[in-house]
Amino acid sequence: MNKGIQEIPLRRLVSQSLKEEVYHAHLSSGLDVYVLPRHEYHQKYAVFATRYGSIDTAFVLRGQEQATLTPAGVAHFLEHKLFEGREGNVFEDFASLGASVNAYTTYGLTSYLFSATDSFYPCLGLLVDFVQEPYFTKESVEKEQGIIAQEITMYEDNSDFQVFSNLMQALYQRNPVREKIAGTVESVHCITPEVLYQCHGTFYHPGNMVLFAIGAIEPEKVARLVEEKLHNGNHSLQGEIRRLYPSEPISVDKHRIDAQMSVARPLCYIGFKDVRLKHGDELLKRQLATSLTLQLLFGKTSALYNRLYESGLIDATFDTYYTAEETFAHAVLGGSTPDPTKLEAAILAGLREARENGFTEEEFGRQKRKSIGGFLYALNSLEFIANNFVSTHFRGSSLFAYLDILKKLTLEDVERSLEEQFKEELMAVSIIQPRLE
Amino acid sequence: MFRAEEIAEGVRLHGLSTRKFKTITSKIYVQTPLGENTALTALLPLVLSRGSRGLPTMQAIASHLADLYGARFGSDVAKIGERHCLEFYYEIADSAYVGKDAEPLDGGMAMLGELICRPRIEGNGFYPQYVGQEQHNLVNLINSLIDNKRSYAVQQFYRVMFADEPFSTYKYGTVQEVRQVTPPALLGHYREIMAQNPIDIFVVGDVDLVALKEKWQKELSELRDGYHPLPLVRDHPTPGEIKKVQEEGDLQQGILLMGYRTPTFYDSPDYYKLLVYSGVLGAFPHSKLSINVREKASLAYYVWAQLEATKGFLMINAGIHPDNYAKAVEIILDQIDAINQGKVSSEELEATKRGLINGVLTMEDNAIAMIDRAMIGAVNGVFRDTKETINAIRQVSKEDLIEQGRQLQLDTIYFLKGHPEDAPMGRDRGKEGAAN
């Protein structure tokens, strides 16, 4: 094979509790490659991701003093646009190999992925190539503006999406998480090939990326192929990317946002901003502890959930979750309700009651068992493993640590979370009422 | 591939023993004819999941499930062709991963039997409080269909295309039907379908199928009585004039749906020819619809074609700007014409076949996907293993596509027309461009 390439050392990480192992290689370009062999599956899955999401709209280019500001929606636009290579549509290249390729953009990252049952290595080569080879023209950017405008309009017609994005606007004053990931029809029209090249050059450096592959595949072969692909590129060390995030005040922007849409029943989401941000395993621990707390407070096993359901104030659409990144964190709960104001009051009363009474060891143990089981379910999906491995990696932790951190959580951790989070003054409510004809 | 065995009259156990997954997944379907007693069937999964004899409240059920390492239980109704199926889903962690105190087969499967076979009853009906509350919830669910414009459009499209056929039935029924349900009527319906209708039990995971068979035989022995097989509907009405319906909706986008009738059903030997046809047309990003409507004309974010072969129709679905209706319909019709005239490159055909085969193999990595596919087979009375499926896909030729295309008959063009000028409400639009 390629003589220019030295043997690539692979590190083997084993999780006894998961009965899984993962191989790690740090390539000369700065890229981290992880491979998790799963021999009994037909599907083989690879993700190539950059730590560049919708919130990375301001940054300082190397050798410059001035900040570069970009329109909302560039990360997502780039994600669309990379699929059009110099030689045509990337979808067709994967299709000719019988694989399916896709991508998604979140607040914090952009992921490109494919799923194949054979031709894994040619697909892997294609993946690395198309993500690393930008090609934008004025015409192709204009054409994409039309497609993305339809995507944005599709979201705008979705009431769950609207109630959520209104909640982000209420919770945050300045953090770009309050903008929609795809941007707006207006912001997307400000995007030019130059902006795209600049952002690609900054954020698609292998040192800012990670590649994860899973399936009946050989770790050495994966690492070698990716090394060969990136070997010839000019990946001189770039150093840290200086991302600029506006400093977010502690308080929320608004306590309540009301909107109207063509829906049959009111929709109500309640958010709690979490201002004590973490990194790495601490962040993962906080995420797991807070999610457990939410389950204890408002999950189906809680007395409060059952009381609210019986009274008709909530129905099966009621759900809760907590999300934590290095630059923002919040809990969200809600669903359809006949009376958003009453629901808000009931949630606050439930919180006060739980703070007075605390949780029992029995309740805590039950929820913990439930969470452990839930994680095992998720591990049946190669897609889940791949996508979550990547997002956990960018947060400075590891998916392999998940189960161990979860198992070590104590009742005190959960009670601390109850005390420190879910503050009434950091709460915001987003409501969509049926539009009156 | 599942091993199917009739364990009681009309009850089939489809088992797949494997160590591939970290959980054991089970799904149970009770088939009923679509369009009869819709509201009663739709209410059952809701009321059954509220409480059983041994676990009388939702909280008791949830706590028990959590104790079994977060076993999952779900219930709903599904529409497969002209069957309205009661559907139960259950998944439990394999004891190899969570420790000795979890007993998947005994504790786990007993739980499922408890919830399905021993409902909470008062007098001669289901527990009235649960029936009342779930009637209320179901009415809300039916009224909320309008909240999701894409689902709403599909249901409206069915109402137009299948106006005089059971397939137009919304799977949750109508508000009026739901309101008329009484606890005794619901219990009567439950007992009748549990006694007489086809039941399919699917299990995937590391389980002892012999022990499981005995368990279910015991669970169902008291309920089963006088099995009534259901006939398979194979009507193929010839469309007259194309039905064109436009409806104004309170949305910004326009949702376009087009429906073609086909005489090729799931159990036909020609099924895979039509499957490849719909793939070339619109199942993939490389398909004709995506390339021409999305990539070339920039008219849509999503546009795809989908085959419902138990009922026998092909549906095309696109989200477009309301002003582009005529243009989009024209391009879509052109794509159908192109295939029917044999304008399909060998690359297109090959890529589609590879994509479909990739999908078939990928399904084998997902227990629920395997079960859902096998259930379509159970309704249609035909089970095809993966090898047979892949071979059938490989053999499809361009001529087969032309032959299938000539049998397609355009029946309905439905358009839910939005108002792009309506600004979304309640937001300060001025602020949004601030990131520029």
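Scan region B:61-76 and give yes if some residue there is without any contact (Cβ under 8 Å) to a residue 24 or more places away in the chain, open to solvent by less than 20 Å² (accessible area, probe 1.4 Å), not in a strand (DSSP E or B) and not aliphatic (A, V, I, L, M), otherwise no. Scanning region B:61-76 turns up at least one residue that is without any contact (Cβ under 8 Å) to a residue 24 or more places away in the chain, open to solvent by less than 20 Å² (accessible area, probe 1.4 Å), not in a strand (DSSP E or B) and not aliphatic (A, V, I, L, M). Within region B:279-300, the residues that satisfy the criterion of being among the aliphatic types (A, V, I, L, M) and either crowded, with 24+ Cβ neighbours inside 10 Å or farther than 21 Å from B:Val360 by Cα (or both) are B:Val280, B:Leu281, B:Leu289, B:Ile291, B:Val293, B:Ala297, B:Leu299, B:Ala300.
Please tell me if B:Glu330 is within 14 Å of chain A (Cβ to nearest Cβ), without any contact (Cβ under 8 Å) to a residue 24 or more places away in the chain and open to solvent by 20 Å² or more (accessible area, probe 1.4 Å). No: the conditions fail for B:Glu330. Being open to solvent by less than 10 Å² (accessible area, probe 1.4 Å), under 22 Å from B:Ile61 (Cβ atoms) and under 27 Å from the mean Cα position of the chain (by Cα) holds for only one residue in A:Gln367, A:Gln295, and it is A:Gln367. Between a first residue in region A:360-381 that is free of Cβ contacts under 8 Å to residues at least 12 places away in the same chain and a second residue that is assigned to a helix (DSSP H, G or I) and surrounded by fewer than 20 Cβ atoms within 10 Å (Cβ to Cβ), which pairs have beta carbons less than 6 Å apart while being 6 or more apart in sequence or on different chains? From region A:360-381, the pairs are A:Leu376/B:Tyr97; A:Ala378/A:Phe384. When B:Glu364, B:Glu388 are checked against the criterion of being buried (at least 18 other Cβ atoms within 10 Å of the Cβ) and out of contact with any Asp or Glu (no Cβ under 8 Å at 6 or more places or on another chain), B:Glu364 stands alone in meeting it. Scanning region A:218-239 finds one or more residues that are more than 20 Å from A:Val33 (Cβ to Cβ) and open to solvent by 20 Å² or more (accessible area, probe 1.4 Å). In region A:157-199, of all residues being within 12 Å of chain B (Cβ to nearest Cβ) and acidic (Asp, Glu), the one that is most open to solvent (accessible area, probe 1.4 Å) corresponds to A:Glu186. A:Val263 passes every criterion in (1) surrounded by fewer than 20 Cβ atoms within 10 Å (Cβ to Cβ); (2) among the aliphatic types (A, V, I, L, M); (3) within 14 Å of chain B (Cβ to nearest Cβ) apart from (1). Note on region B:165-205: residues that are in contact (Cβ under 8 Å) with a residue 24 or more places away in the chain and open to solvent by 40 Å² or more (accessible area, probe 1.4 Å) total 11. Contact map, region A:141-156: residues that are within 18 Å of B:Leu289 (Cβ to Cβ) and within 7 Å of chain B (Cβ to nearest Cβ) paired with residues that are open to solvent by 30 Å² or more (accessible area, probe 1.4 Å) and of a type in the set (Asp, Glu), Cβ distance under 9 Å, separation 6+ or inter-chain. Pairs shown: A:Lys143/A:Glu84; A:Lys143/B:Glu295; A:Ile147/B:Glu295. Count of region A:6-24 residues, restricted to those that are open to solvent by less than 60 Å² (accessible area, probe 1.4 Å) and either within 14 Å of chain B (Cβ to nearest Cβ) or charged (D, E, K, R) (or both), is 5.
Based on this model, can you work out whether B:Val210 counts as surrounded by 15 or more Cβ atoms within 10 Å (Cβ to Cβ), assigned to a helix (DSSP H, G or I), assigned by TED's automatic domain parsing to the domain that holds B:Asn124 and not basic (Lys, Arg)? When the stated conditions are applied, B:Val210 does not pass them.
When the criteria are applied in full, A:Asn388 meets the requirement of being in a helix (DSSP H, G or I) and not basic (Lys, Arg).
Exactly one residue out of A:Lys221, A:Lys229, A:Lys278 is under 26 Å from the mean Cα position of the chain (by Cα) and more than 14 Å from chain B (Cβ to nearest Cβ): that is A:Lys278.
The values are calculated or read from the model by the stated rules, or taken from the named source; none is laboratory data. Everything quoted here is computed from the prediction, not taken from an experiment. Every residue, glycine as well, gets a Cβ built from its backbone with ideal geometry; the counts of neighbours run over all protein chains shown. Quick note on the areas: whole protein, heavy atoms, side chains included, nothing else; ligands and nucleic acids left out. Shrake-Rupley method; radii C 1.70, N 1.55, O 1.52, S 1.80 Å.
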